[in-house]
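The values are calculated or read from the model by the stated rules, or taken from the named source; none is laboratory data. Source: prediction; values computed, not measured. Note: ideal-geometry Cβ built from the backbone for every residue, glycine included; neighbour counts use all protein chains shown.
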Amino acid sequence: MKPYNELTWPGKRRRLYRLAQDALAQYDLEVSRLVPLGYDTNMMYRVYAADGAQYALRLANGVWRTRHDAESEVMWLDALARDTEIPTPRVVHTKTGAS
């Protein structure tokens with residue numbers, strides 16, 4: 001497999017799309033459509049579920065954010081939602097409880 005940094009932009013988009021599909025398989029969710037929204041330091045997708053619900057999926061770039069950074073962010077968002085009245089995005093955890 002060609003290294004990611006050597007791919008063209010269309011090649012990177014295809015690789016990220018497959019990665020997004022693999023990530024979504026970890027959730028208790030039947031996906032009907034996956035739409036790329038944009039890319040900067042993260043790749044963002046709009047996820048349409050078969051039941052009509054919509055979600056955002058963010059694939060974080062490992063160069064900019066470590067796993068620990070991402071886990072800390074999820075803990076912070078969960079705490080804000082649980083302990084304050086501040087409207088925050090709801091984090092959806094995987095089938096195994098990961099984020």
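Numerical summary
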item	result
Which numbered condition residue 32 fails, given (1) under 21 Å from residue 91 (Cβ atoms); (2) assigned to a strand (DSSP E or B)	(1)
Residue identified as surrounded by fewer than 10 Cβ atoms within 10 Å (Cβ to Cβ), under 13 Å from the mean Cα position of the chain (by Cα) and at pLDDT 90 or above among 28, 51, 22	22
Of the criteria (1) at pLDDT 95 or above; (2) farther than 28 Å from residue 1 by Cα; (3) charged (D, E, K, R), which one residue 95 fails	(1)
Residue within region 41-59 that is under 19 Å from residue 19 (Cβ atoms), part of a loop (DSSP other than H, G, I, E, B) and not small (Gly, Ala, Ser) present	yes
Which numbered condition residue 27 fails, given (1) aromatic (Phe, Trp, Tyr); (2) farther than 19 Å from residue 62 by Cβ; (3) touching a strand residue (DSSP E or B) at 6+ places or on another chain (Cβ under 8 Å)	(3)
Residue satisfying all of: in region 1-17; surrounded by 10 or more Cβ atoms within 10 Å (Cβ to Cβ) and outside any loop (DSSP other than H, G, I, E, B); modelled with the lowest pLDDT among these	4
Members of region 61-92 that are under 18 Å from residue 43 (Cα atoms), among the hydroxyl-bearing types (Ser, Thr, Tyr) and at pLDDT 90 or above	none
Every pair of residues 6+ apart whose Cβ atoms lie under 8 Å, when the first sits in region 26-40 and is acidic (Asp, Glu) while the second is surrounded by 14 or more Cβ atoms within 10 Å (Cβ to Cβ) and part of a strand (DSSP E or B)	30/49
